[in-house]
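Peer 1: Mind having a look at this structure? Questions to follow.
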Amino acid sequence: AMVRAFDALSVEPDAIISDALRLPLPNLRAVIDGDALSVAVAAASIVAKVARDGLMDDMCDRHPGYGFCHNKGYPTPEHKRLLRQLGPCEIHRRSFAPVAQRSFAFEL
């Protein structure tokens, strides 16, 4: 997603700071604990969290039963229990260990 966002820019930024994520982007500086060391990274983390929480609230309505509005998709014990009970839905990442380990079939 970060590479796609970069590719969509109309100008090349002088610098890109990421929270330890190394990507093939020009002028990228991957900073370990970037959210603690950079106000810009900390602010971006907050914006991303709020946006993700909103998306998970929408997913709670679209996929009732998984508790997305309560756990926001984090692997809480409750979410893992519901995932075992219901199986994954279309928004579960196949790389998410509880999904990958069970080799669920996905119907998209």
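Peer 1: If I ask for residues that are under 14 Å from residue 1 (Cα atoms) and of a type in the set (Lys, Arg), which ones from the range 13-31 would you list?
Peer 2: Within the range 13-31, 22 is the sole residue that qualifies.
Peer 1: Given the conditions (1) β-branched (Val, Ile, Thr); (2) under 16 Å from the mean Cα position of the chain (by Cα); (3) not in a loop (DSSP other than H, G, I, E, B), which single one is not true for residue 91?
Peer 2: Status for residue 91: all satisfied but (3).
Peer 1: Does residue 45 satisfy the criteria of being polar (S, T, N, Q) and surrounded by 10 or more Cβ atoms within 10 Å (Cβ to Cβ)?
Peer 2: It is true that residue 45 is polar (S, T, N, Q) and surrounded by 10 or more Cβ atoms within 10 Å (Cβ to Cβ).
Peer 1: Are there any pairs, at least 6 apart or on different chains, whose C-beta atoms fall under 6 Å, with the first in the range 39-51 and modelled with pLDDT of 90 or more and the second open to solvent by 70 Å² or more (accessible area, probe 1.4 Å) and part of a helix (DSSP H, G or I), and if so, which?
Peer 2: Listed pairs, sorted by first residue: 41/35; 42/35; 45/35.
Peer 1: Search the range 58-69 for residues being loosely packed, with under 13 Cβ neighbours inside 10 Å and in a helix (DSSP H, G or I), and hand back the single one that is nearest to the chain's Cα centre (by Cα). Quick ask: steps written out before the conclusion?
Peer 2: The first filter runs over the range 58-69 and keeps only residues loosely packed, with under 13 Cβ neighbours inside 10 Å, leaving 58, 61-62, 64-65.
Then drop every residue that is not in a helix (DSSP H, G or I), which leaves 58, 61-62.
Working: 58: 15, 61: 19, 62: 18 Å.
Only one residue fits best here, namely 58.
Peer 1: For the structure I just gave you, tell me whether residue 36 is outside any loop (DSSP other than H, G, I, E, B), open to solvent by less than 70 Å² (accessible area, probe 1.4 Å) and not hydroxyl-bearing (Ser, Thr, Tyr).
Peer 2: Values: outside any loop (DSSP other than H, G, I, E, B): yes; open to solvent by less than 70 Å² (accessible area, probe 1.4 Å): no; not hydroxyl-bearing (Ser, Thr, Tyr): yes.
Here the answer is no, as residue 36 does not meet what is asked.
The values are calculated or read from the model by the stated rules, or taken from the named source; none is laboratory data. Everything quoted here is computed from the prediction, not taken from an experiment. Here the Cβ is made from the backbone with ideal geometry for all residues, glycine too, and neighbour counts use every protein chain on show. Areas reflect the complete protein model, heavy atoms only, side chains present, ligands, DNA and RNA absent. Shrake-Rupley method; radii C 1.70, N 1.55, O 1.52, S 1.80 Å.
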